[in-house]
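The values are calculated or read from the model by the stated rules, or taken from the named source; none is laboratory data. Keep in mind that what you see is a predicted model, and the values were worked out from it rather than measured. As a convention, Cβ positions derive from the backbone with ideal geometry for all residues, glycine included, and neighbour counts pool all protein chains shown. Please note that ligands, DNA and RNA were not included when accessible areas were found on the heavy atoms of the full protein model with its side chains. Shrake-Rupley method; radii C 1.70, N 1.55, O 1.52, S 1.80 Å.
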Amino acid sequence: MNAKDIKKVAGIGGGVIGGSWAVLFAMKGLKVTLYDINDDCIANDRKTIEGNLDFLLANGAIKDKAAVEANISYTTDMAEAVKDAQFVQESGPERIELKQSMLAQIEESAPADALIASSASGLPIGQIAEKAIHPERVLGGHPYNPPHLIPLVELTKNPKTTEENIQTAKEFYELLGKEAIILQKDCPGYICNRLQLAVFREMIDLVERGVCSVEDADKALTFGPGIRWAIFGHNMIMQLGNKDGIDGMMKMLAGGYNLCGDIASWDTIPDDYGPKAQEQVNEMMKNFSDEVGHDNAAIAQYRDKMLIDILKLHGKF
């Protein structure tokens, strides 16, 4: 199958991730059928998608809400959702047994050449596909939330995924404007979550050791490396930091890094960090400007407005 020929997509599972995928597919002119387990879930999916489209329209990311909505249909019948899909994006709960069951149902009714991608955020795709009839067509397509805004998608392979299928999936996601990266071997948590968790572990450790507050740790990341990371990855940042490129930077920093021999290496989050951090985060939210907002819903909208502005700079909108 050629990636450019994919016109019909099935979204299996709604919620935050599945609904966001449906918005992306529909924005790009694809016909998408979104499956969920019952009418109440479908009603919630419709509400979430409606809210996303209203937000995108208000911020200039789409011009015709009705045209996007017309590309989305809903069903509680799995067979109906996948019967003529060329690409299936599964976004069920993060449980191996459930994903295996959903994959079995998908394979019962999907066309023989349909590609099946799981939105799993850390589960090994090899385990998800170990009972599959056609494991060569099964792969991981892990988005970064929200998928209709954040370009990243991490592609993972099970031992039987063919190179042709992984490349077709990569090309398909790229046609949607995604930045698709491929893991060359199985790795728990994939790439992005591991990078994120490594930074977060050190932030927790700095707070726990009394070096800084939760708020100052966030400010250090946001207004220091975070701004640069929104433009280039860390390797390219290092390349630009020395006249001799990244090799020169590594030689220059070698001694200084030895001073950070106490960098966090523990693998269990401190039991009391959650409530301690929550108290400080609540204070941060209270002190945000009214433009940013003071609760999760308002702050998430501010985040998404900022994301759209950044994505426009990257030519993604």
One checks the Cα atoms of the chain and finds Rg and Dmax, in Å, of 21.4, 62
From the C-alpha gyration tensor of the range 54-176, square roots of 5λ in Å:
26, 17, 14
By average C-beta atoms within 10 angstrom, highest first, the peptides 55-61, 92-98
55-61, 92-98
Give, in nm to one decimal, the length gained when the segment between K185 and L240 is fully stretched (0.36 nm per residue of separation minus the Cα-Cα distance).
16.9 nm
Have a look at K243, K131, K65 and tell me which one the Gaussian network model of the chain (Cα, springs below 10 Å) gives the largest fluctuation.
K243
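Would you kindly work out the equivalent ellipsoid of the range 124-281 from its C-alpha gyration tensor and give its semi-axes, the square roots of five times the eigenvalues, largest first in whole Å?
34, 22, 16
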Values of log10 I(q)/I(0), in the order q = 0.25 Å⁻¹, for the range 69-132 under a Debye, Cα-only, solvent-free model
-1.14
Relative contact order of the chain: what whole-number percent is it, with Cα pairs under 8 angstrom and at least 6 residues apart?
13 percent
Of the heavy-atom accessible surface of the chain (probe 1.4 angstrom), what whole percent is carbon and sulfur?
55 percent
How much area per residue is accessible in the chain when the probe is 1.4 Å and only protein heavy atoms are counted (Å²)?
54 Å²
Surface/4 estimate of mean projected area, convex hull on alpha-carbon atoms of the range 1-113, nm²
7.0 nm²
With equal scatterers on the alpha carbons only and no solvent term, can you work out the Debye log10 of I(q)/I(0) for the range 213-300 at 0.14, 0.19, 0.20 1/Å?
-0.79, -1.05, -1.08
Taking a threshold of 24 Å on the Cα-Cα distance, which of the pairs K160/K185; K178/K251; K7/K63 fall above it?
K178/K251
Theoretical gain in end-to-end length, N296 to E97 [0.36 nm per residue, Cα-Cα removed]
68.5 nm
Geometric extent, Cα atoms of the range 144-231 - Rg, Dmax (angstrom):
16.9, 52
GNM, the chain, Cα, under 10 Å: largest mean-square fluctuation among D271, D64, D186?
D271
With r defined as the distance between the Cβ atoms of E174 and A220 and R0 fixed at 51 Å, what FRET efficiency is calculated, to the nearest 0.05?
0.90
